[in-house]
Amino acid sequence: MPMRTPSLIASPAFQALQQHHAEAKNWQVRDLFAQDPARFTKLSTEGAGLFFDYSKNIVNDQTMDLLHALARETRVEAQRDAMFAGEQINRTEHRAVLHTALRRPRSDKLALDGHDIIPDIHAVLDRMAAFSERVRSGTWRGYDGREITDIVNIGIGGSYLGPKMTCQALRSFGHPRLVMHFVSNVDGHDLDALLPRIDPATTLFIIASKTFGTSETMTNARSARAWLLRSTNASQLPKHFVAVSTQLDLVTEFGIAAENMFPFWDWVGGRYSVWSAIGLALVMYIGMDRFREFLAGAHAMDQHFQHTPLEKNLPVILALIGIWNRNFIGSTSISIAPYHQDLRLFPGYLQQLEMESNGKRIKVDGSKVEVATCPVIWGDVGTNGQHAYFQLLHQGTDVAVVDFIAALQPSHTLESHQLLLLANCFAQSEAFMRGRNADEVRADLQGQGLPPEEVEKLIPHRSFPGNRPSNTILMDALTPGTLGALIALYEHKVFVQGVIWGINSFDQWGVELGKLLAKNIAQELAEQARPAQHDSSTNGLIARAREKM
Ligand code: F6P
């Protein structure tokens with residue numbers, strides 16, 4: 001039985017924050033800016049190539065002091081050090097959590113159970129480098145002697161979101177010949193839509209699955225293999241199929257030889273695996289030198305997280321601001337708003353990272369959490385969101401936090417776009433914070449010459465409450481290094497929040513029940529099993545599907 005986790009709500013810092021909130025809830029952030037010209041300088045920090053402005057949150061110096069005290073009381077630093085050292089902090093699965101080791105330099109050492117894992121990590125990276133170079137240079141050829149043109153990553157969850165999001169984000173560094181595809185959905189429409197567009201002789205499939213047992217992935221992998229075998233014979237399969245997994249036996253059983261498998265380890269969680277061989281698609285697309293820059297960017301953020309005082313520490317502050325907004329201000333969601341088209345998949349990536357990690361209601365010691373944990377994470381590229389759901393963020397009844405993310409320099413040469421893009425990004429965060437009060441609306445409408453009764457009628461509709469919290473994260477340009485740092489920033493944010501809430505951020509038992517039930521229902525639908533006694537809804541749906549399928 002794990003040691004009892006100390007009560008969060010009984011901790012002195014949490015109680016002090018509660019008292020502090022009684023005062024803070026009456027603040028208007030626009031007034032705080034007016035009172036303190038140094039607010040932006042004080043409430044912003046930078047590290048690992050990222051600049052972070054959190055001054056538009058409903059906080060002051062005292063709020064931050066209390067939040068940092070909360071981090072200290074909940075032993076964030078000691079737990080952080082335990083993670084980096086390879087202690088078994090994933091207690092429900094008895095595993096270390098060492099995705100950070102994947103980005104450590106070759107010269108480092110890290111003993112896990114008495115064995116230095118850094119040479120193992122770099123041996124796999126070297127194999128990935130050699131293999132991807134053969135594909136990129138065209139020396140790896142398909143069954144009829146032509147170069148590979150299309151790479152299809154078959155995987156789901158962390159074995160899909162990471163490779164896909166990063167390939168999209170680093171599109172401008174991509175190999176000109178290689179077209180990347182990602183198939184995840186067990187819905188056959190996913191693979192079926194792709195197959196007519198690719199040539200089996202010039203396609204390479206990466207079957208990416210930590211467990212090599214995920215039914216969606218294995219179903220797609222089997223269909224892809226059958227499709228290939230309609231054009232060539234089994235002896236040609238090694239030219240077209242490679243695997244990334246921790247399960248050599250299952251990979252071999254599927255028919256992929258050990259030399260075509262790139263391993264990783266059980267101490268890498270699925271949603272933290274893009275740094276491992278799961279990143280193979282990205283390595284093929286951008287090349288190993290760029291991938292190493294990606295790892296180095298994340299490593300720089302690791303170093304910042306480990307060695308920067310809490311008061312200037314980006315992931316710690318992002319996490320603490322999140323705790324404040326969730327547990328005191330009462331926000332229920334965070335909208336991720338990248339102002340960079342190539343980061344359009346980043347909100348979806350963070351959805352898994354944050355919600356699968358911290359969507360928990362039980363603490364490490366088995367007791368119930370005492371406060372709300374992970375908010376809903378969602379979003380889309382900023383300017384598109386502005387013309388869709390930002391209305392609700394400005395004037396709706398819920399308070400959602402917005403994380404604005406922008407790169408100052410574009411990777412295109414089109415004139416005037418970048419200026420407008422950044423103007424929109426900064427204007428939105430200003431509008432969320434300032435709002436627009438009745439006097440401002442009145443002056444504006446009077447200026448337009450509207451009759452006084454019309455002005456008064458419109459004021460409630462055209463006023464904005466403001467005081468809506470937001471964060472802004474800036475990078476000079478979106479590069480492999482800054483992308484690595486950005487992902488690592490959110491990984492560590494999740495870690496710090498998990499520690500404060502007292503939960504294990506590294507298991508995901510919640511997804512297991514659905515998997516188990518689906519297995520049984522699949523058999524029932526196939527009429528290989530007698531219908532089980534479900535509820536009348538599930539029984540009815542199964543019966544209706546059987547009739548029509
Ligand atoms: O079902 C959730 C999950 O276990 C994720 O955590 C994981 O990223 C995904 O499934 C895919 O798992 P695998 O890589 O083992 O196929």
Two decimals is fine: what is log10 I(q)/I(0) at q = 0.21, 0.22, 0.27 Å⁻¹ for the range 247-304, from a Debye sum with one equal scatterer on every Cα and no solvent? -0.92, -0.97, -1.14
Farthest toward the dipole's positive end in the chain, which of VAL76, ALA372, GLY158, given Cβ charges of +1 (Lys, Arg) and -1 (Asp, Glu) about the Cα centre? GLY158
Looking at the range 472-549, I'd like the Rg to Rh ratio, where Rg is from alpha-carbon atoms and Rh is Kirkwood's inverse mean 1/r. 1.31
Could you work out the relative contact order of the range 369-449, using alpha carbon pairs under 8 angstrom and six or more residues apart, expressed as a whole percent? 30 percent
As a test, work out the antiparallel percent of DSSP beta bridges whose residues both lie in the chain, rounded to the nearest 5. 30 percent
Return the long-range amide H neighbours of PHE262 (sequence gap of 5 or more, or a different chain), with a cut-off of under 5 Å between placed amide H atoms. ALA243, VAL244, SER245
Magnitude of the Cβ-charge dipole of the chain, K/R +1 and D/E -1, about the Cα centre, nearest 20 debye? 720 debye
In debye to the nearest 20, how big a dipole does the range 312-388 give about its Cα centre with +1 on each Lys and Arg Cβ and -1 on each Asp and Glu Cβ? 220 debye
How long is the gain from ARG171 to ARG72 if the chain were fully straight, where each residue apart is worth 0.36 nm and the alpha carbon distance is subtracted? 31.6 nm
Between the alpha carbon centres of the range 380-434 and the range 129-157 the gap in Å comes to 38 Å
When LEU343, LEU178 are arranged by how many other beta-carbons sit within 10 Å of their Cβ, fewest first, they go LEU178, LEU343
Rounded to the nearest 500, the 222 nm mean residue ellipticity computed for the chain from DSSP H runs (n ≥ 4, each -39500 (n - 2.57)) alone is -14000 deg cm²/dmol
Putting +1 on Lys and Arg Cβ atoms and -1 on Asp and Glu Cβ atoms, find which of ALA234, ALA423, TRP267 reaches farthest to the positive end of the dipole of the chain. ALA234
With +1 on each Lys and Arg Cβ and -1 on each Asp and Glu Cβ, and nothing else charged, work out how big the dipole of the range 407-516 is about its Cα centre, in Debye to the nearest 20. 180 debye
At a 10 angstrom cut-off on C-beta neighbours, averaged per residue, how do the peptides 8-21, 280-293 rank from highest to lowest? 280-293, 8-21
Give me P(r) over the range 186-260, computed from all C-alpha to C-alpha distances, binned every 5 Å, as integer percentages. 3, 15, 29, 25, 18, 8, 1
Here, the range 1-123 modelled as identical Cα point scatterers in vacuum has Debye log10 I(q)/I(0) at q = 0.11, 0.14, 0.18 Å⁻¹ of -0.63, -0.86, -1.04
Pairs of alpha-carbon atoms within less than 8 angstrom and 6+ residues apart define the contacts here; what relative contact order does the chain have, in percent? 20 percent
In whole Å, how far is the Cα centre of the range 215-263 from that of the range 472-527? 26 Å
Where does the range 115-270 land on Rg/Rh, using Cα atoms and the Kirkwood Rh? 0.94
Just the Cα atoms of the range 51-149, one point each, no solvent: what log10 I(q)/I(0) does Debye give at q = 0.13, 0.16 Å⁻¹? -0.76, -0.87
Counting only C-alpha contacts under 8 Å and six or more residues apart, can you give the relative contact order of the range 228-377 as a whole percent? 14 percent
Place the peptides 63-69, 134-140 in order of packing, highest mean first, counting for every residue the other Cβ atoms within 10 Å and averaging per peptide. 63-69, 134-140
Based only on other Cβ atoms within 10 Å, what is the fewest-to-most ordering of MET3, MET433? MET3, MET433
Express the C-alpha Rg of the chain as a ratio against the empirical globular expectation 2.2 N^0.38 Å, rounded to two decimals. 1.06
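Laboratory data are not the source of any read-out in this text; all were calculated from the coordinates shown. Keep in mind that this is a model prediction, so the values were computed, not measured. So basically every Cβ, Gly included, is an ideal-geometry build from the backbone, and we count neighbours across all protein chains shown.
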